Amino acid sequence: MNYFLDLVYNLVMSPRMALRTITRGEQWISAGIIWLFTLFVLSLSSLIEGTGIILGFLLSLIAGITLLLLQSAIIHYVAGLAGGRGTARGITAGLMADSFPLAFGVFCAKSHGVFLIRVAKLCKSLS
């Protein structure tokens, strides 16, 4: 567990080292847990608007798996044409893990929206 938390911390603080560890070691389980957590946090917005958290998470999961496999296949093919070394499993694990910072984007977008609302109210009160 300590190794997993160190890996998550390194994804935020030193992503190059963490992604090198994930892609070279082909750590599917760690990358998968991080990816599922990110999808869950991103689907929290469907609590207020949309279909509900369970259906929102399932739709995100289906779309995410499809896009992840398509993206991994394209990157692996292009890297192979360019003479790159590596496996499709490593690329997929890296793509799953690099989505972790997106989980914080939900909170940044929410705080940005609140900021814009406050600025609009301030401008309205000044005029």
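The values are calculated or read from the model by the stated rules, or taken from the named source; none is laboratory data. Predicted, not measured: the structure shown is a model, and the values here were computed from it. Every residue, glycine as well, gets a Cβ built from its backbone with ideal geometry; the counts of neighbours run over all protein chains shown. Please note that ligands, DNA and RNA were not included when accessible areas were found on the heavy atoms of the full protein model with its side chains. Shrake-Rupley method; radii C 1.70, N 1.55, O 1.52, S 1.80 Å.
Can you pull the three principal axis extents for the Cα set of region 27-98, in Å, largest first?
Ordered largest first, region 27-98 gives principal extents of 47, 21, 13 Å.
Counting only heavy atoms of the protein chains, get the accessible area per residue of region 17-111 (1.4 Å probe) and round it to a whole Å² value.
Values: 6030 Å² over 95 residues.
That works out to 63 Å² per residue.
Starting from the Cα of Ile53, step 7 Å along the direction of its Cβ; do the same at Leu102; then give the gap between the two resulting points in nm.
2.0
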